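The values are calculated or read from the model by the stated rules, or taken from the named source; none is laboratory data. Please read all numbers here as calculations on a predicted model, not as lab measurements. Reconstructed Cβ throughout: ideal geometry from the backbone, glycine too, with neighbour counts over all protein chains shown. Quick note on the areas: whole protein, heavy atoms, side chains included, nothing else; ligands and nucleic acids left out. Shrake-Rupley method; radii C 1.70, N 1.55, O 1.52, S 1.80 Å.
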Amino acid sequence: MSRPSARKAAPKGEYIETDSGNKVSRRSAITGTANITLGGRTVIMADVHLRGDLHPTRAAPSTSGKEPITTSISIGRCTVISTGSVIRPPSRISRGEVHYYPMKIGDNVFIGPHCTISAISISSHVHISHHVTIHPFAMIKENVKILPHAVIPANMVIPSGSVVGGQPARVVGEVGEGWGVGGGVSGGIGGGEKGGEKGWVEGGDLRELVRSVK
Amino acid sequence: MSTQPAPAARPSSDRRTSTLQKRTSTALPKPSSIVLDPSVLIAQHAQLTGTHPITIGPGAVLHPHSKISSVLAPVVLGEGVVIYERARIGVGVGDAKAGDANRRTSVLPDRGSGGSLARGEGTVLGRNVVVETNCVVEASEIGEGSVVEAACTLGRGCVIGRYCIISAASVIPANTRLDDFTVVYSGNEKRINQTMKDRKEVRQSYKTKHAKQLDMFRKLIPNQLAKWA
């Protein structure tokens, strides 16, 4: 989060840009920054909550080393988290103690406004619409589109290439061939025709979108 | 959180040359009385506002950016209540039109009986109630052990029983009464959680789990109780 000292009297914009190109809004609410990793060129918009303070408190049993894993939220490259979303790592009782688990969000993931996310993992090229609730320990594979107002139940595993929606969410279709590919090609249910003219496509490369955020 | 500058820095009122009325603060007034148990955990950026009294019982946890508002009526949070990020508690915290217009499609049928408060005013959350992220709770009462999941809206004057689960993104219209052990899901479906109702040990383990969760919060979240006490 350190800004280069050479830049003096830079106009205070909405976003703080890190060395690796992450853009973090000044109005975002991030707790436990030490436990959050951003992959680079990731956008955190205003009013986004990242609960890094809710981190794992003991070493995972599988690790051989004695150093405890404390990363609670890791986010990949070119991921966009829109306004008002809350990212909170999932917790459950394990061996008689409440334990928070580290959550992973992949590359080129778009998270729409006002979502509540507690998934254990979200793979790359996932498009999440607005007002989506993802309950703890849901696992979302690659190339998934989640429709607005969906409620993903706890522990749900969403296979890659599916479209999910509803309360509770069900797989309602497939994204089809060419999803996430730029240009005129768009497949699946409502697949990305609105993205075309803006230079980015749902489930596609979000680099253009990230670049446009100022 | 705007803090007032030191009063010495301001010109005193008799030295003011302008006859214009001094601009009054637009910040919400601090509650007239906040009764906090010393074991309450209030995270940084949690907000308590309003003019009526706010009472918070022992062991309650307020997450960052949660908001308790007693602008129109008093608020009482019971023992071990957990309020997550950006949840809003208290009568008058939700804007009236947000409930139906743009939020979502399926809503429980309104039980009618007008919009005015049917019961005694105020919001009372029972013991071990959990209110998750982005909820708007204007209900008058929520019973012990109930869970209000993410992005729910509970209208004014609702009475929610014990051990209810209001699943995510549900909208409960004003003056609804839910029996004990009700589960509201899928927007407008309801059922009774028979396991929870019949088996005392399930409720007991639920309680134990909640206590452990509270302990964990106490370990992880820095307490800013001193600011409010």
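Residue-by-condition table, conditions (1) at pLDDT below 90; (2) within 11 Å of another protein chain (Cβ to nearest Cβ); (3) over 14 Å from the mean Cα position of the chain (by Cα):
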site: A:109; (1), (2), (3): no, no, no
site: A:114; (1), (2), (3): no, yes, no
site: A:129; (1), (2), (3): no, no, no
site: A:158; (1), (2), (3): no, no, yes
site: A:169; (1), (2), (3): no, yes, yes
site: A:181; (1), (2), (3): yes, no, yes
site: A:187; (1), (2), (3): yes, no, yes
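Could you count how many residues in the stretch A:86-99 are touching a helix residue (DSSP H, G or I) at 6+ places or on another chain (Cβ under 6 Å) and either under 25 Å from residue A:204 (Cα atoms) or assigned to a loop (DSSP other than H, G, I, E, B) (or both)?
Residues flagged as touching a helix residue (DSSP H, G or I) at 6+ places or on another chain (Cβ under 6 Å) and either under 25 Å from residue A:204 (Cα atoms) or assigned to a loop (DSSP other than H, G, I, E, B) (or both) within the stretch A:86-99 amount to 0.
Being acidic (Asp, Glu) and away from chain B (no Cβ under 14 Å) narrows it down to one residue among A:177, A:97; which is it?
Answer to the check: A:177.
Conditions tested, residue by residue: (1) open to solvent by less than 30 Å² (accessible area, probe 1.4 Å); (2) at pLDDT 90 or above.
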{"site": "A:11", "(1), (2)": "no, no"}
{"site": "A:37", "(1), (2)": "no, yes"}
{"site": "A:49", "(1), (2)": "yes, yes"}
{"site": "A:76", "(1), (2)": "yes, yes"}
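Tell me the strands (runs of 3 or more DSSP E) entirely within the stretch B:119-229 that contain at least 1 residues that are basic (Lys, Arg) and either within 14 Å of another protein chain (Cβ to nearest Cβ) or at positive phi (or both).
Strands (runs of 3 or more DSSP E) meeting the threshold: B:189-192.
Of all residues in the stretch A:78-97, which are open to solvent by 10 Å² or more (accessible area, probe 1.4 Å) and touching a Ser or Thr at 6+ places or on another chain (Cβ under 6 Å)?
Selection gives A:88 alone.
Among the residues of the stretch B:75-90, is there at least one that is modelled with pLDDT under 90, open to solvent by 60 Å² or more (accessible area, probe 1.4 Å) and either under 12 Å from the mean Cα position of the chain (by Cα) or of a type in the set (A, V, I, L, M, F, W, C) (or both)?
No, the stretch B:75-90 has no match at all.
Given the residues B:113, B:140, B:106, B:146, which is the only one that is modelled with pLDDT under 85 and more than 22 Å from residue A:149 (Cβ to Cβ)?
Matching residue, one of B:113, B:140, B:106, B:146: B:113.
Given the conditions (1) buried (at least 22 other Cβ atoms within 10 Å of the Cβ); (2) within 12 Å of chain B (Cβ to nearest Cβ); (3) over 20 Å from residue A:55 (Cβ atoms), which single one is not true for residue A:148?
If we test residue A:148 against (1) buried (at least 22 other Cβ atoms within 10 Å of the Cβ); (2) within 12 Å of chain B (Cβ to nearest Cβ); (3) over 20 Å from residue A:55 (Cβ atoms), just (1) comes out false.
Go through the stretch B:171-228 and give me each residue that's more than 19 Å from the chain's Cα centre (by Cα), open to solvent by 60 Å² or more (accessible area, probe 1.4 Å) and under 23 Å from residue B:66 (Cβ atoms).
Within the stretch B:171-228, B:207, B:209, B:212, B:215, B:218, B:219, B:222, B:226, B:227 meet the criteria.
Test of understanding: among A:57, A:83, A:63, which residue is at pLDDT below 90, closer than 25 Å to residue B:132 by Cβ and either touching a strand residue (DSSP E or B) at 6+ places or on another chain (Cβ under 6 Å) or not in a strand (DSSP E or B) (or both)?
Only one candidate qualifies: A:57.
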